[in-house]
1. Provide a single number: the residues in segment 311-325 that are open to solvent by 10 Å² or more (accessible area, probe 1.4 Å) and not in a strand (DSSP E or B).
2. Only one of Ala343, Ala262 is of a type in the set (A, V, I, L, M, F, W, C), touching an Asp or Glu at 6+ places or on another chain (Cβ under 6 Å) and either at pLDDT 95 or above or in a loop (DSSP other than H, G, I, E, B) (or both). Can you tell me which?
3. Does segment 283-290 include one or more residues that are open to solvent by 30 Å² or more (accessible area, probe 1.4 Å), under 23 Å from Ser8 (Cα atoms), in contact (Cβ under 8 Å) with a residue 60 or more places away in the chain and not in a loop (DSSP other than H, G, I, E, B)?
4. Checking Asp252 against (1) touching a strand residue (DSSP E or B) at 6+ places or on another chain (Cβ under 8 Å); (2) closer than 23 Å to Glu26 by Cα; (3) of a type in the set (D, E, K, R); (4) buried (at least 16 other Cβ atoms within 10 Å of the Cβ): exactly one of these is not met. Which one?
5. Collect the residues in segment 326-361 that are open to solvent by 80 Å² or more (accessible area, probe 1.4 Å) and not charged (D, E, K, R), keeping them in residue-number order.
6. What is the number of the single condition among (1) on the phi < 0 side of the Ramachandran plot; (2) at pLDDT below 95; (3) surrounded by fewer than 16 Cβ atoms within 10 Å (Cβ to Cβ) that Ala137 does not meet?
7. How many residues are more than 17 Å from the chain's Cα centre (by Cα), in a loop (DSSP other than H, G, I, E, B), more than 17 Å from Ala163 (Cα to Cα) and of a type in the set (Gly, Ala, Ser) if we restrict to segment 82-136?
8. Within segment 112-129, does at least one residue satisfy the condition of being open to solvent by less than 60 Å² (accessible area, probe 1.4 Å) and within 15 Å of Leu54 (Cβ to Cβ)?
Amino acid sequence: MKVLLVGSGGREHALAWKLTQAPELEELHAAPGNPGIAAFGRCHPVRAEDGEGLLTLARWLEADLVVVGPEAPLVAGVADELRHVGVPVFGPSSGAARIEGSKSFAKDVMEASGVPTAESLSIARPPCVIKADGLAAGKGVFVCHDQAQLDVALHAAASFGDAIVIEELLEGEEISVFALCDGARALALPIEIEEILDSVHRPVLAELAARGAPFVGVLFAGLMLTDDGPRVLEFNCRFGDPETQSLLPRVDGDLLGALTRAAAGDLSSVDLEVADSAAVTVVLAAGEYPAANDVGSPIHGIEEAEQSGALVFHAGTALKGDRLVTNGGRILGVTAKGDTVAAARERAYAACDHISFPGMRYRSDIAAMAHV
């Protein structure tokens, strides 16, 4: 098979790493890719949002499958353009991707399908949550405990557009549940949580299909485990980033085969094997992230981190001549596996100690609550 992977971040690097393990893969191509992905396949200078360019590239490559990583091209309809000319795509149509592209649309779908979610509020008063209605690159949700936070949130949300969604503030533990979807069926990845799929993912799949927008791709539900049960915070229409960097190292089964069958509309016979081990990912970010990116600073120590047993996924890197440099806000994702979460965490942080670039910083509390 010839596969074209769309995107340039750590999520796409993790997908490239996993897809190349499939025995049926003949060629891996990426658009635009990054220096990490280039170790697994050929990168092409086509932007992820360039539907016409991707279409031309996919046809020139005679791609058997296109896997779209980021949300922006999916919401913009890249998958529709490819499917229109018969190119198999793993990724939802623009109509189905509205589940992430519009918070108000997602609320309407959840209400129609009976999915438990945060209550919508007509007036913004604390405590509450303010959400920009459209895509905001993960920066459009504001938790407001008091009026001062609310004032800041309303001003910040307005920068993403006029429409906002106001919700009750939920309390509890937050989890993410991913499901591979073929338009009708949902397969949890990497663990089977059938109760959540039955109450969250499958009703949404049925509602989207009834609206003429069957969802083919990854339906990513962010949930809060409240005292009243799981409640949906948001839906995303793609693999999470950096969740994917911890998720895929635990998948032992044939991911490429699963994505191919999902794109063909039939996951009925797919059963992805998952390892019992744990995985932890630590993101190494630029010094001013998220306020600003870092471009052109030399990166050192990746080889040593990999020699320690960790996986290092490129999220914001570039080549300057033959030298690897920073090119973004999130620069690298360092992933390590272990028999327990605590063991994986220790190995991930030990690997981080090998890597350096000017201003590098990372959270020290990832998986800190792990005791198993």
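The values are calculated or read from the model by the stated rules, or taken from the named source; none is laboratory data. Note that the structure is a prediction, hence the values are computed from the model and not measured. Backbone-built Cβ (ideal geometry, glycine too); neighbour counts: all protein chains shown. Surface accessibility is based on the protein's heavy atoms, side chains included, excluding ligands, DNA and RNA. Shrake-Rupley method; radii C 1.70, N 1.55, O 1.52, S 1.80 Å.
1. Selection size over segment 311-325: 3.
2. After applying the criteria, what remains is Ala262.
3. yes
4. Just one mismatch for Asp252, condition (4).
5. Across segment 326-361, the qualifying residue is only His354.
6. All conditions are met except number (1).
7. Summing the residues that are more than 17 Å from the chain's Cα centre (by Cα), in a loop (DSSP other than H, G, I, E, B), more than 17 Å from Ala163 (Cα to Cα) and of a type in the set (Gly, Ala, Ser) in segment 82-136 gives 3.
8. So far as segment 112-129 goes, no, none of its residues is open to solvent by less than 60 Å² (accessible area, probe 1.4 Å) and within 15 Å of Leu54 (Cβ to Cβ).
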